[in-house]
Structure formats: C-alpha cells, structure tokens
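Asks: After the structure tokens below, expect a handful of questions from me.
Every read-out reported here was derived from the displayed coordinates using simple, explicitly stated rules and does not represent laboratory data. Quick caveat, the model's predicted, so the values are computed rather than measured. With ideal geometry, Cβ positions are generated from the backbone for all residues, glycine too; neighbour counts draw on all protein chains shown.
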Amino acid sequence: MAFELLRRYGFKVSPLRFCWFLNHEEIKAEIERDCEHSSSAMLHIFRASNLVFCGEYELEEARIFSRKILEKIVSTGKGRLLQQIEHELSFPWFARLDHLEHRVWIEETEANVLWKGKTSYNRISCLYNDELLQLATLNFEFKQLIFKNELKELKRWTEKYGMSNMGFGREKSTYSYFAVAASFTSLPHDSYVRMIVAKTAIIITVADDFFDSFGSLNQLEILTKAVQRWDSRGLSSHSKVIFDALDDLVSEASRKYLQQEGTSDDISRNLKDLWYEIFLSWLIEANWSRNEHKPSIDCYLKTGMTSVGAHLMVLSSSCFLKPTKKLRLTPYEPLTKLLMVISRLLNDVESYQREKEEGKLNYVLVNMMENPEFEIEDSIAFVREIVEKKKKEFLELVLMDGLSDFSEPSKQLHLSCLKVFQMFFNTKNSFDSNTDLVEDINKAIYLPLSRTSKCLSTQTFLKKKHIISKLHMNFQFKHYSKINFSGMRLMTPKIGVGFI
C-alpha cells in the first residue's frame, strides 16, 4: 500500500521494497498453501503492480504471482475479500472510470469500512466512518445532479446544430458525455472542461463517419479547405452542419477563455489549426481507402495518431484547467504523443474486423501487409505488446515529477483520456455498440445509490463537514522514515472517494 500511495504522488520508490519475497521459494510456497491468509497482501501487491514502469521486471513478476493467488481464491468461492478480488481481476485498472469506482466502493463497503488496509478490520477512524461514507454519498449524488443537467444541455446543443440527426454514422452524445464525466472526476463542479471535451468528441465522431463512409472525395476536400480558411462559404448539407457546430464550439471556447483569463490572449487561431490538422488527416485516410493505396506502417501511424483525435480533446480543454496550460501546437510533448499512439492502437485492435470488411486501413492490417508471414493473431499480439510497453512509458510521465512540462491537472487529464479509450476498446469495440455501456451510463448518471445506511441530514452534514480538515495524513511505513503528507498534493483526488 505504501508503494502504491508514494508512486501515485510522484515519489521515486523501488518495487524491491516489497517484491523481495519472490526470491524465497519457501515463502511463496506458504502463500500458495494458505491463500486466504495472504489474500489482503496479494490484493495490495496486485493493485500496486498496476503502476508498473518500463524495466520493472520484479513488479511484473509480482503481478503474475499475485494474480495466480487471487484467481485461486476466487475459484474457492469464499473469502472476506472475494468481491474486491473479483472486481480487481475482472476490470483492468486502465479501463476503470473513477466515478463508477466510487460508486462500487460506496455500495459494497460493509459495516461502513471506508478503506481496508492490511486486514479487513482496519478503519480510518471509528469516529468518522459514518460521516465519511455519507459525505462520499452526498458527493456522488451531487455529481449525478450536475451530470444530468449538463447532459441535457449537451443534447440541446446537438439538436440545435443538427448533429443528432445527420442520417448516417454514430450518434454518441450520451456516450461522449458519460466518458468525460465519469473519468475526469477531479474537476470542479462548474468546470467547462466536461462540455468542451464532450462537444469535441461528438464532432470528431460525426465528422470521422462523414469522411469514412458518407461524403464524396470532392465534398471532403471542399470541407477540409473550408476548415483551413475557416469560412463556410460553398458548404451545404452535412458539410455545413459539421462546420457550423465546429465554429460554435471554437467561438464558445475562445470567449470563455478570454473571460476566464482576463487577458487579450486569443486561443481561437490555435484551436482552428488543431482542427484543420485532424480534418487533413481524415482526408488523407479517405484518399487511401478510395484509391486503395497501401501506406507504410510508419506513414499510417503518423496519420492515424492524429485522426483518432485524443490530443485534440486534451489540448483544447487543458486551457481551462488550473493552472492554465498554454495551448501549444506541434511538436507535441512526449506525453501527448504517447496518448495519441496508444489511443490509435487500442482502437485498431478492436476495430480491424469491421474496417477490413469496409475496405479501410488499420494498424493490425497494415502490419500484416508488411509482414506476410503474420497471421491475424500474430499481428494482434504484436500490437498489444506495443500498447503495453507504451502504457508503461506513459504512466511514468504522468506519475513522476520532473519528466513532463505539463501541470499535474494536465497530466491527470491525459491519464483520464487514455482510460476512456481503454474502457471503450478493452476487449471489444464498445464505442460502436448501442447497448454495451447502457448499464454503466445509468449507474453513473441516473440510478440512485443502493445503500441502506441512514441518510446524513443537511444539518448534520454542516456540523460534520469539519472532519475533512481534521484528518491528519501522517503514517509510519516499514522501510521508510516518517513521512508527513500534509504538504503533498493530496487535494487532487487521484485515489479514494473523490470530493468535488
């Protein structure tokens, strides 16, 4: 647990601090003999292994061993941590959205144990368990109220600009907003980030479908040139709808940025350039498909990492974080490049079959063209290996201080965006499905919490809200000197219940 906490907050810490047992066969044998006794330790080791960096082979070995033990516990169907273990094994950490994780912990916490440590009996405080759990409940319900209102506003916007009834492609307004709201949980309740990312995702989805399947090459070239000069003259029908929605988004974002910063800085030009870059990448891909051109794998990825649009969502919204991130165009920083590459590869691994049938290019398919000896399974395995390596590099840039010029909120925004892509393309293409995410959307936005504990009245809440400031985060860890967490960046809810 100490390793996980320290690593999440940017401290350099070696996994050898707790992986030493791997070199002792008698200890491993004892753990395997009495799995239940070691269940809590193995669960924490497995969780810690989610934060592995490149070259940490001992942590990878610890993950393999702990997973084997946890799977053995699950096979018995009993154990005090069975639900938690099943959850950890079923859903990769990278594919989990924080808002839904908060719901799981609130609903499944037994006897108001908010945070289980080395044993199931450890509590934060006997005095404050009820209050903390009920504050988490109030916070979750407050978020749901905000999410419902913002989603209504977003749907009004898509209807106003005709994005919801284009007559082709995917209508993903709810999916887009759900993904943003459920993953970017550390944002203030009145943050504009959720709306700009959701609107950006909606336009990307509609425009990408238009370029992929519906528009003629002539229409696509005219629309791309219109975006380049930022002028809708000559556009009609679907092209005009897409441009008008895009123009409204850029104008709104630029206006809000000026209001927020109170300066003369205008981000509209940079936003327009970012959008032109992605429209140009869609046009290149459309030309490849229509003309049956086979690009090299490097050429494909250079274009594909742009066309997936992940960088556009994080860079345009980073202007509205605190501290503000100045919108900078190419060359993109390493963290952003990794996000772009991983997002494209995650998409391609779970979309190759459909795209093959539609005559489109895909990294899995292009890789097979360059390696004729590869079967489809070989190519998929090759791409997944790249993804896992890149994710370790990405995670190190996010968690470790001094490796990126991005602020902490901007780095967390990158991480949240990647987790969204992992969630959409974890074991299948859930983004294209109309049903896969319905249950999660309802849990995140609409369904009330399923808990039987007594409600915390407003009066009691006002009396008890001082407990948050009274929790002193001073811990004593084995192998570490005493560490005072009071000066750390604990206000950003990377872990725990997450308060707005």
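Asks: Grab the beta carbon distance between Glu61 and Tyr332, set R0 = 41 Å, and tell me the FRET efficiency rounded to 0.05.
Replies: Result of the calculation: an efficiency of 0.75.
Asks: Once label points are set 7 Å from the Cα along Cα→Cβ at both Asn442 and Cys299, what is their separation, rounded to one decimal in nm?
Replies: Result for the modelled spin labels: 4.9 nm.
Asks: Along the Cα-to-Cβ line of Phe53, 7 Å from the Cα, sits a label point; which residues in the stretch 414-442 have backbone N less than 20 Å from it?
Replies: The answer is 414-416.
Asks: Quick one: if you stick a label point 7 Å off each Cα along the C-beta vector at Glu36 and Val104, how many nm between them?
Replies: 2.4
Asks: Structure shown: which of Lys322/Lys428; Lys389/Lys428; Lys199/Lys272; Lys28/Lys389 lie over 26 Å apart, alpha-carbon to alpha-carbon?
Replies: Lys322/Lys428; Lys28/Lys389
Asks: Also: Could you list Asp190, Asp401 so that the one with the fewest beta carbons within 10 Å of its beta carbon is first and the one with the most is last?
Replies: Ranked by crowding around the Cβ, least crowded first: Asp190, Asp401.
Asks: Please compute the net charge surrounding Glu86, taking Lys and Arg as +1 and Asp and Glu as -1 over other residues with Cβ under 11 Å from its Cβ.
Replies: Local charge sum for Glu86: -3.
Asks: Which GluC sites (Glu not before Pro) in the stretch 46-112 pass both tests, a DSSP loop state and at most 16 other beta-carbon atoms within 10 Å? Show your work: numbers first, answer last.
Replies: Values: sites: Glu56, Glu58, Glu60, Glu61, Glu71, Glu86, Glu88, Glu101, Glu107, Glu108, Glu110; in loops: Glu56, Glu110.
Qualifying residues, ordered by number: Glu110.
Asks: Here's something else I'd like to know. Classify the stretch 266-425: rounded, prolate or oblate, from the alpha-carbon gyration tensor (a ≥ b ≥ c, eigenvalue square roots; a/c under 1.5 rounded; otherwise prolate if a/b is larger than b/c)?
Replies: In terms of gyration-tensor shape, oblate.
Asks: Now a separate question. If r is the Cβ-Cβ distance from Ser268 to Thr435 and R0 is 30 Å, what FRET efficiency results, to the nearest 0.05?
Replies: Computed FRET efficiency for Ser268 and Thr435 comes out at 0.20.
Asks: With a 10 Å Cβ neighbour count serving as the proxy for reagent exposure, in which order, fewest first, do Ser75, Ser316 appear?
Replies: With the sparsest Cβ surroundings first, the list reads Ser75, Ser316.
Asks: What per residue convex hull volume, in Å³, do the alpha-carbon atoms of the stretch 142-198 yield?
Replies: 72
Asks: Where a ≥ b ≥ c are the square roots of the eigenvalues of the C-alpha gyration tensor, would you call the stretch 1-109 rounded, which needs a/c under 1.5, or, failing that, prolate if a/b is larger than b/c, or oblate?
Replies: Taking the square roots of the gyration eigenvalues as a ≥ b ≥ c, the stretch 1-109 is oblate.
Asks: If I stretch the segment between Arg80 and Asp190 completely, what's the gain in nm (0.36 nm per residue apart, minus their alpha carbon distance), one decimal?
Replies: Using 0.36 nm per residue and subtracting the Cα-Cα distance, I get 35.6 nm.
Asks: Highest first, please rank the peptides 372-382, 157-167, 267-277, 335-345 by the mean number of other Cβ atoms sitting within 10 Å of their residues.
Replies: Numbers: 372-382: 12.9, 157-167: 16.2, 267-277: 18.6, 335-345: 23.5.
Highest mean packing first, the order is 335-345, 267-277, 157-167, 372-382.
Asks: Where the convex hull is taken over the Cα atoms of the chain, what is its projected area averaged over directions, in nm²?
Replies: It is 25.7 nm².
Asks: Give me the net charge for the shell around Leu301: Cβ to Cβ below 10 angstrom, other residues only, Lys and Arg +1, Asp and Glu -1.
Replies: Details: positive: Lys302, Arg344; negative: Asp298, Asp348.
In short, 0.
Asks: Take the Cβ-Cβ distance between Lys28 and Thr427 as r, set R0 to 45 Å, and report the resulting FRET efficiency rounded to the nearest 0.05.
Replies: Once the sixth-power term is evaluated, E becomes 0.90.
Asks: What is the distance in Å between the Cα centres of the stretch 294-365 and the stretch 369-425?
Replies: Cα centroid of the stretch 294-365 versus Cα centroid of the stretch 369-425: 11 Å apart.
Asks: Most exposed first by the Cβ proxy, i.e. fewest other Cβ within 10 Å, how do Lys392, Lys68, Lys172 rank?
Replies: The order, fewest Cβ neighbours first, is Lys68, Lys392, Lys172.
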